[in-house]
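The values are calculated or read from the model by the stated rules, or taken from the named source; none is laboratory data. It should be emphasised that the depicted structure is a prediction, and the values quoted were computed from it without experimental measurement. Positions of Cβ are backbone-derived with ideal geometry, glycine not excepted, and every protein chain shown enters the neighbour counts. Heads up: the accessible areas ignore ligands, DNA and RNA and are worked out on the full protein's heavy atoms, side chains in. Shrake-Rupley method; radii C 1.70, N 1.55, O 1.52, S 1.80 Å.
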Amino acid sequence: MTTPDVVAGQPQPPGTARGFTPEAARRDIPVLHRTVNGHPLVWLDNGATTQKPRQVIEALTAFYAAANSNIHRGAHTMAREATQMYEAGRAAVAEFLGAPSAESIVFTRGTTEAINLVAQSWGRANLGPGDDVLVPVLEHHANIVPWQRIAKETRARVVPVPLRPDGSVDQDAYADLLSARTRLVVVSHASNVLGTVPQVREMTALAHRYRAKVLVDGAQAVAHFPVDVTGLDADFYTFSGHKVYAPTGIGALYARPEILQAMAPWQSGGNMIESVSFDRTTYAPVPHRFEAGTGHISGVAGLLAALNWLTAFGRAAVADYETSLTAYAQQALAQVPGLELLGPAAGRIGVLTFTLPGRTPAEIADRLDGDGIAVRAGHHCAQPALAHYGLDAAARASLALYNTREEVDRLVASLLKLPQAA
């Protein structure tokens, strides 16, 4: 391997897409070939984090083994190479999201940090007494709590947008809640607990009629279907690398360029400055002014490798497969007596949150784990969404491109073995 390839931390991008099959994807994922409690692992906790292909693992190893350097400020060869890789990662994220330029992409630790950045930088400057932030009930806590905190400081209001029984956002209620007071609408591109895919494009267009900005939480969306922030007309879009087969601790914020230019830095220190004296400090141009300190450089190498790995399969082919697998899983779970699947809205991603009478979610997850099947149990950091169904916890199986019908069958068979409640 030549030095530039090591610095890039990835194989060279293929000229044509690889033919997609779940088996082809599985061959690249080492952890899927282990056993748990004497059974082959079935990883159905993808909504929490996805497993990593060898290309990502090799990218991390290659960076630290042969290319480790800080970026931007070094004058030596390895610093230049690391900087080149880091900025290539930024360009790859921009292309992945359909963003107009790499300068509209800010690297963060993930979706949560990106939302907090917007809340503290844009929100602090633009929210005031009497202003409304509309937040659908289906949102993850990371897209609720930052707005509650900044609203308390600025005397703005966080206004919940209700759900329909099927888990979709009540669009009539949303339209009624929009007003001249609305400064911001935040919405998940896909729900981590219900699988719902809201009508983001239509919601954004309606919000813009009131001159409100829109932030889209794409953490659960980007791994499942193609995203085009330009087509969505989103003002902000966020995602986490570890949800899309990349390492933990790396993610990104897209912001419309003119908005990003007007935003003040949130965190301060090294890398985000242009010059410092005790009389005056000037900041680096965007996006660097929002990236204080040493970034997660190896994480960018892994993210770059992950995006290349995923896109090489063909995003449309992956989306079509996951849609068919989700439909199969819904039908298969219907065989389990008493099982109730939450949020049966059409067009969902492969997030299957359910309850069983007489069984706590923790009991369900523990019994499945005994058969080598990993699912999540709890409130899924979406307590208002569960409260909509009168629940405080549920079990969740979440699918990815490497899951198969055979694994769904194992899930159902394990659930059927659970002793029936009296």
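Quick notes
- Counting only Cβ charges, +1 for Lys and Arg and -1 for Asp and Glu, the dipole size of the chain around its Cα centre is about 420 debye.
- Modelled spin-label separation between Arg34 and His141, with each label point placed 7 Å from Cα along the Cα-to-Cβ direction: 2.6 nm.
- Residues Ile273 and Ala205, FRET efficiency given R0 of 35 Å [Cβ-Cβ distance, rounded to 0.05]: 0.35
- Distance between the pseudo-spin-label points of Arg405 and Thr230 (7 Å out from Cα toward the beta carbon): 3.9 nm.
- Farthest towards the positive end of the charge dipole of region 284-422, among the residues Leu368, His388, Pro287, is the Cα of Pro287, using unit charges on the Cβ of Lys, Arg, Asp and Glu.
- Relative packing of peptides 349-358, 298-307 - highest average C-beta neighbours within 10 Å first: 298-307, 349-358
- Packing around the peptides 52-61, 336-345, taken as the average count of other Cβ atoms within 10 Å per residue, puts them in this order, highest first: 52-61, 336-345.
- A protection proxy built from the mean count of other Cβ atoms within 10 Å ranks the segments 208-220, 261-273, most packed first, as 208-220, 261-273.
- Note on the chain: with neighbouring protein chains present and a 1.4 Å probe, carbon and sulfur make up 53 percent of its accessible heavy-atom surface.
- Of interest is the spacing of the C-alpha centroids, which for region 273-344 and region 201-228 amounts to 15 Å.
- Per residue accessible area of the chain, 1.4 Å probe, in Å²: 41 Å²
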